[in-house]
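The values are calculated or read from the model by the stated rules, or taken from the named source; none is laboratory data. The model shown is predicted, which means the values in this text are computed figures rather than measured ones. Note: ideal-geometry Cβ built from the backbone for every residue, glycine included; neighbour counts use all protein chains shown.
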């Protein structure tokens, strides 16, 4: 609510402005209240207003519990996610209402109600999926650290088997493994990646410049620039 | 006593092997961009390109040699970890030199400190967030978090603390006392993002910010032509491992992208293209502004900043409590309202003269508005603030049409506003006449009965004027990081009879300041805007 003293102060300020000279006090007041209300709705960082979809005490309590659970389990971005959270709460409330109706009727289940229930559950799972909070998506985080580590280790074994001896450099003289040297013939001194043999193959018309670039994982422009700098003519 | 027999399994060995091989680490643990850490499944992962491999750190393959001293072992580690990733933009510098390395460092160096440095938050946030996201959401890395993830990752203090005792500090240079943020830390590793932007004062403070054994240094940056910066010394130091690539090393670089870059940087021979695309140092450049002078003009607080865009424009007009909550400055002697106008945001400011100093009262950004809408916003500001001069950048068509709209005498909306006398057009693409040539006796030199005009490029003139006012402390600016970062990033290059300016980051604020500086210069000693009525003096900006 707008406090009275603040309201009066605002009124005084606004009455002096040239653009408001033709407006009555009532018009100005209604404008102020509208603008204050609009701002307060936007700047509201508390999610409490999401509960104002029902007046029923029982349902309000249910929504309150669900909202508390969501706030506890997830970090919601106030500016972008509250709309989706509101939809989730509404759908959950609808599902609850239908389930309650079905329960009241005992044996007789209305097919229309069942269809509605199905529709709402489907919508709910879609919205939850969009926010990344569905049960399947959460399963990863529900694993115990031990399970997580075991899974990573298993993946590591698969990776190593797939890449066996791929990154081992051995000295041609002594046969011992050595680390990647600082200077390597594949890397040009002034920047760029370089392989004279591939350029030779290109000049013999066995490789196109695009293929050379693809092998070296770079662009044609970069190959041309290095050749130009080194004074090599590309055929 | 029976002890459990512990042996390393094949699985353990496979995991350790990957963790200690940088290339494997990247290709096994890092999801293929743009996938984020939570999407890691060990299969759809990053594939390093050949040219990216030398940018990695190879210290992880080493174990300490027991025959060597602690210092010698550290030096070995440093020689494999140190790197200066220099070059053009968008080839993966920051990702390889910093992002992947930051994660590997955090989980493999138990109990150590790591300092991650950037000029401002805009540059620090992406690097810090990459690390924080990996530690928080990656299936393997999140095993290293403390029991409460919130304790592990402190986004407000920019710190990541792990179970193994490793701590990463994210620190920015800061606007008031540069480099004070990293004083008192003793990291074993320092990583610097956009190292060319770090000022000498701040850089010198980080030289002693290291552990007693020293620190592994990993720098990423684009040369900007300045020869008096620490980054220039690093990239020309033959003892450092400097890797230099141009933007065209990226396999996605093609003719279309080349043309786009040429347009963006003003031609392939421009200083901006040579530095930002080719990664060369280009002509000798220097920092256009003296940031110490600007800092001396700063006071505590923050300048009020409003934004008018397509979404809130209607509210701006219809409500009495406008989103532009401007309060007229009663103590002001003179008000200048200046604005840079462009397709990208138009950055405006309201300057008030108080006791001989210009106080920046408000910053107003306009996004996606038509020239007609922009004119209305300027009119509103001018009316509320009682602006004496409304100076607009008319170098581009949008600015020209906005100004024309305001000074159009047939425009009923702006009747009785006297805008033809108050709206000043500033064109930065032409020369400005600043006076007449004088001989040794101080007499004006005539040629064909006309006085010889002294001309200077408008952009350069505004810059000289600005340097002078900042030096004389004629401004009162709130401590605004946007202002400092934009002024610090602008580079000036002298050549072909004029000074040209370029910046790696958007510099709309500087453009706005330059518009203001021209308007300020036009006021005569009595504080009245008379100069710009003399066509022969400021012909360039009068249509």
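Each row is one residue, and each column tells you yes or no for (1) more than 22 Å from residue A:218 (Cβ to Cβ); (2) modelled with pLDDT of 85 or more.
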site	(1), (2)
B:1	yes, no
B:39	yes, yes
B:48	no, yes
B:76	yes, yes
B:91	no, yes
B:96	no, yes
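Examine the stretch B:113-124 for a residue that is closer than 20 Å to residue B:193 by Cα and over 24 Å from the mean Cα position of the chain (by Cα), and state whether such a residue exists.
Within the stretch B:113-124 (the criterion being closer than 20 Å to residue B:193 by Cα and over 24 Å from the mean Cα position of the chain (by Cα)), the answer is yes, since at least one residue qualifies.
Confirm whether residue B:61 is at the interface with another protein chain (Cβ under 9 Å from one of its Cβ atoms) and either touching a residue at least 12 places away in the same chain (Cβ under 8 Å) or buried (at least 19 other Cβ atoms within 10 Å of the Cβ) (or both).
When the stated conditions are applied, residue B:61 passes them.
Restricting attention to the stretch B:271-300, which residues are surrounded by fewer than 18 Cβ atoms within 10 Å (Cβ to Cβ) and part of a loop (DSSP other than H, G, I, E, B)?
Within the stretch B:271-300, B:283, B:284, B:290, B:300 qualify.
Is one or more of the residues making up the stretch B:261-269 in a helix (DSSP H, G or I), within 14 Å of another protein chain (Cβ to nearest Cβ) and modelled with pLDDT of 90 or more?
yes
Looking only at the stretch A:146-164, count every residue that is more than 13 Å from residue B:14 (Cα to Cα) and either more than 7 Å from chain B (Cβ to nearest Cβ) or modelled with pLDDT under 85 (or both) and tell me the total.
Within the stretch A:146-164, residues that are more than 13 Å from residue B:14 (Cα to Cα) and either more than 7 Å from chain B (Cβ to nearest Cβ) or modelled with pLDDT under 85 (or both) number 2.
I'd like the full set of residues that are at the interface with chain A (Cβ under 9 Å from one of its Cβ atoms), over 27 Å from residue B:249 (Cβ atoms) and under 34 Å from the mean Cα position of the chain (by Cα), limited to the stretch B:1-54.
Within the stretch B:1-54, just B:38 meets the criteria.
Can you give me the number of residues within the stretch B:429-443 that are touching a strand residue (DSSP E or B) at 6+ places or on another chain (Cβ under 7 Å) and not in a strand (DSSP E or B)?
1
How many residues, within the stretch B:375-396, are over 26 Å from the mean Cα position of the chain (by Cα) and either buried (at least 18 other Cβ atoms within 10 Å of the Cβ) or closer than 16 Å to residue B:347 by Cα (or both)?
14
Just checking, how many residues over the stretch B:75-92 are out of contact with any strand residue (DSSP E or B) (no Cβ under 6 Å at 6 or more places or on another chain), surrounded by 16 or more Cβ atoms within 10 Å (Cβ to Cβ) and farther than 24 Å from residue B:252 by Cα?
So the answer is 2.
Are there any pairs, at least 6 apart or on different chains, whose C-beta atoms fall under 7 Å, with the first in the stretch A:11-35 and facing chain B (nearest Cβ under 10 Å) and the second part of a helix (DSSP H, G or I) and modelled with pLDDT under 75, and if so, which?
A:32/A:7
Among the residues of the stretch B:40-57, write down those that are part of a loop (DSSP other than H, G, I, E, B), touching a strand residue (DSSP E or B) at 6+ places or on another chain (Cβ under 8 Å), without any contact (Cβ under 8 Å) to a residue 60 or more places away in the chain and under 11 Å from residue B:23 (Cα atoms).
Hit for the stretch B:40-57 is B:46, nothing else.
Checking residue B:284 against (1) in contact (Cβ under 8 Å) with a residue 40 or more places away in the chain; (2) assigned by TED's automatic domain parsing to the domain that holds residue B:517, which single condition isn't satisfied?
Unmet for residue B:284, out of (1) in contact (Cβ under 8 Å) with a residue 40 or more places away in the chain; (2) assigned by TED's automatic domain parsing to the domain that holds residue B:517: (2).
Looking only at the stretch B:64-82, which residues are without any contact (Cβ under 8 Å) to a residue 12 or more places away in the chain and either under 17 Å from residue B:212 (Cβ atoms) or outside the structural domain of residue B:210 (by TED's automatic domain parsing) (or both)?
B:64, B:68, B:69, B:72, B:73
Among (1) assigned to a helix (DSSP H, G or I); (2) buried (at least 19 other Cβ atoms within 10 Å of the Cβ), which single condition is residue B:220 missing?
Only one criterion in (1) assigned to a helix (DSSP H, G or I); (2) buried (at least 19 other Cβ atoms within 10 Å of the Cβ) is unmet by residue B:220, namely (1).
Just the residues that are out of contact with any strand residue (DSSP E or B) (no Cβ under 9 Å at 6 or more places or on another chain), in a helix (DSSP H, G or I) and surrounded by 21 or more Cβ atoms within 10 Å (Cβ to Cβ), please, taken from the stretch B:105-140.
Selection gives B:134 alone.
Just give me the residues in the stretch B:308-355 being at pLDDT below 85 and outside any loop (DSSP other than H, G, I, E, B), in sequence order.
Within the stretch B:308-355, B:313, B:314, B:315, B:316, B:317, B:318 qualify.
Which number in (1) modelled with pLDDT under 75; (2) loosely packed, with under 13 Cβ neighbours inside 10 Å; (3) within 13 Å of another protein chain (Cβ to nearest Cβ) marks the one condition that residue A:188 misses?
With respect to (1) modelled with pLDDT under 75; (2) loosely packed, with under 13 Cβ neighbours inside 10 Å; (3) within 13 Å of another protein chain (Cβ to nearest Cβ), residue A:188 is out only on (2).
Search the stretch B:415-443 for residues that are touching a residue at least 24 places away in the same chain (Cβ under 8 Å) and pair each with any residue that is surrounded by fewer than 16 Cβ atoms within 10 Å (Cβ to Cβ) when their beta-carbon atoms are under 6 Å apart and the residues are at least 6 apart or on different chains.
Short answer, once both residue conditions are applied: B:431/B:455; B:433/B:455; B:434/B:454.
Tell me yes or no: at least one residue of the stretch B:237-252 is more than 12 Å from chain A (Cβ to nearest Cβ), in contact with a helix residue (DSSP H, G or I) (Cβ under 9 Å, 6 or more places away or on another chain), in a helix (DSSP H, G or I) and crowded, with 20+ Cβ neighbours inside 10 Å.
no
Please state which one of B:216, B:222 is touching a residue at least 12 places away in the same chain (Cβ under 8 Å) and closer than 30 Å to residue A:214 by Cβ.
B:222 is the lone residue from the list that is touching a residue at least 12 places away in the same chain (Cβ under 8 Å) and closer than 30 Å to residue A:214 by Cβ.
Any idea how many residues of the stretch B:348-372 are under 21 Å from residue B:329 (Cβ atoms), in contact (Cβ under 8 Å) with a residue 60 or more places away in the chain and in contact with a strand residue (DSSP E or B) (Cβ under 8 Å, 6 or more places away or on another chain)?
11
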